[in-house]
1. Given the options Ser12, Ser91, Ser195, state which has the largest fluctuation in a GNM of the chain using a 10 Å cut-off (strictly under) for Cα springs.
2. Give the separation of the Cα centroids, region 94-152 to region 155-173, in Å.
3. Between Asn130 and Lys46, what's the calculated FRET efficiency when r is the beta-carbon distance and R0 is 41 Å? Round to 0.05.
4. If exposed means no more than 16 neighbouring beta carbons inside 10 Å and the site is in a DSSP loop, what's the longest run of the chain without any exposed chymotrypsin sites (Phe, Trp or Tyr not before Pro)?
5. Rounded to the nearest 5, what % of the DSSP beta bridges within the chain are antiparallel ones?
6. Compute, for the chain, the length of the dipole vector about the Cα centre, with Cβ point charges of +1 (Lys, Arg) and -1 (Asp, Glu) only. Units Debye, rounded to 20.
7. In nm², what is the average projected area of the convex hull enclosing the Cα atoms of the chain?
8. First check a/c for region 103-221, with a ≥ b ≥ c the square roots of the eigenvalues of its C-alpha gyration tensor; if it is under 1.5, answer rounded, and if not, answer prolate when a/b is larger than b/c or oblate otherwise.
Amino acid sequence: MCAKVKPIHDTSHITYESLLEGNKQFIEDTLAEDPQYFEKLANGQKPPILWIGCADSRVPANQITNTSPGEIFVHRNIANMVIHSDMNMLSVLDYAVNVLKVKHVIVTGHYGCGGVIAAMSNTQFGLIDNWLRHIKDVYRLHAEELDGIKDDQKRTNRLVELNVMENVYNLCKTSIVQNAWKNGQELSVHGWVYSLSTGIITDMNVSTQNNENMDNVFKFK
Ligand SMILES: [Zn+2]
């Protein structure tokens, strides 16, 4: 039940009313395929995955992983950030890990991320600058490597990758993830980067199942 793929840049056919019409079509198509679909889905959810992704409209978790409703628990914000004091993210993470018992948490960034591009500039964008500053902090941590990349696009792409890796690390530092590991719960955290231009997801190979390699100051007993 894959949504029909339409040209992305022409959104003139999308209106408030067209969404409700689209909903009717979705129900009709879905029931034609499986008359019990909604009854089954309404019974509850047991997704094995928590996805922390960018709010960008071009990176829909289910569609790019060929999964369906009920299979991925999703949290999205600008530039797929894991900020320690973000109660929204922490609440989603806590519910996913401690109630849904997801087995994997995946931070998914994407090349060409507007949030990362904005964070690399010196322009003021307003309130969002306070959010983007966390990305500037990632830049500062890796300034030597990033300043050495002369091509703007390559430097942006590398910051997208480093931002994913740092946010995976941020996830590991949370008491929620560390307590799950301490209690012997099966839980892996991962970092991916999605390419808008090819559709390919690249694994950043930062998958972690314990806090062994974590800086000591972050470790909880
Ligand atoms: Zn983005």
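Read-outs: derived from the displayed coordinates by stated rules, not from any lab. These numbers come from a predicted model, not from an experiment. All Cβ positions, glycine included, derive from the backbone under ideal geometry; neighbour counts span all protein chains shown.
1. For the chain, modelled as a Gaussian network with Cα springs under 10 Å, the answer is Ser12.
2. Region 94-152 and region 155-173 have Cα centres spaced 6 Å from each other.
3. Calculated transfer efficiency: 0.65.
4. Result, exposed sites excluded: 1-124.
5. 20 percent
6. I would put it at about 500 debye.
7. For the chain, averaging the hull's shadow over all directions gives 14.7 nm².
8. Judged from the Cα gyration tensor, region 103-221 comes out prolate (a/c at least 1.5, a/b above b/c).
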